[in-house]
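Colleague: My questions will all concern the structure given below.
The values are calculated or read from the model by the stated rules, or taken from the named source; none is laboratory data. The structure displayed is predicted, hence computed values, not measured ones. Counting neighbours? That spans all protein chains shown, and the Cβs are built from the backbone with ideal geometry, glycine included.
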Amino acid sequence: MTAEDPFQEPEMKMTQQQMMEYRVPLEVRDYCAHLTIPLNRCRRDNYFLPWTCKHEKHEYELCQYSDFVRRINMHKAKKRQEREEARGE
């Protein structure tokens, strides 16, 4: 996502093949999948202690939130466009 166009589709940083190799779970194979690998590695290395891996977790959650906001804004823009088209006809 760029600052110029918040509706631009973000690029996938990992291919499906890479996600299969790293065994990324299906439910997290999205635009933030590249951040799950270091996060899960840190969690395993630190025995899932809740006070560890804060930086990795923050990066992953920020990516998820940014993608959520992008999708919400796209949905609002689509609804707005549909309303304008309905009024014009």
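Colleague: Only one residue in 83, 70, 23 is at pLDDT below 95 and touching a Pro at 6+ places or on another chain (Cβ under 7 Å), so which one is that?
Modeller: Just a single option satisfies the conditions, and that option is 70.
Colleague: Let me ask you something else. Could you grab me the full set of residues in segment 42-89 that are of a type in the set (Val, Ile, Thr) and under 17 Å from residue 9 (Cβ atoms)?
Modeller: Across segment 42-89, the qualifying residues are 69, 72.
Colleague: Hey, another quick one. For segment 29-83, give me each residue that is over 18 Å from residue 19 (Cα atoms), surrounded by 12 or more Cβ atoms within 10 Å (Cβ to Cβ) and of a type in the set (S, T, N, Q).
Modeller: Of everything in segment 29-83, those that are over 18 Å from residue 19 (Cα atoms), surrounded by 12 or more Cβ atoms within 10 Å (Cβ to Cβ) and of a type in the set (S, T, N, Q) turn out to be 46, 52, 66, 73.
Colleague: Which residue pairs have Cβ atoms under 9 Å apart, sit 6 or more places apart or on different chains, and have a first residue in segment 57-70 that is within 18 Å of residue 37 (Cα to Cα) and a second that is modelled with pLDDT of 95 or more and exposed (fewer than 15 other Cβ atoms within 10 Å of the Cβ)?
Modeller: Pairs that qualify, where the first residue is within 18 Å of residue 37 (Cα to Cα) and the partner is modelled with pLDDT of 95 or more and exposed (fewer than 15 other Cβ atoms within 10 Å of the Cβ), are 59/38; 60/38.
Colleague: Let me ask something additional. Please enumerate the residues belonging to segment 4-38 that are of a type in the set (A, V, I, L, M) and assigned to a loop (DSSP other than H, G, I, E, B).
Modeller: 12, 14, 24
Colleague: Tell me yes or no: at least one residue of segment 10-17 is among the hydroxyl-bearing types (Ser, Thr, Tyr), closer than 30 Å to residue 77 by Cβ and surrounded by 11 or more Cβ atoms within 10 Å (Cβ to Cβ).
Modeller: No, segment 10-17 contains no residue that is among the hydroxyl-bearing types (Ser, Thr, Tyr), closer than 30 Å to residue 77 by Cβ and surrounded by 11 or more Cβ atoms within 10 Å (Cβ to Cβ).
Colleague: Another question about this same structure. Within the set of pairs 6+ apart or on separate chains, which have a first residue in segment 39-50 that is under 20 Å from residue 28 (Cα atoms) and outside any loop (DSSP other than H, G, I, E, B), a second that is of a type outside the set (D, E, K, R) and modelled with pLDDT of 95 or more, and C-beta atoms under 6 Å apart?
Modeller: Taking only residues 6 or more apart or on different chains, the pairs are 39/60; 42/53; 43/53.
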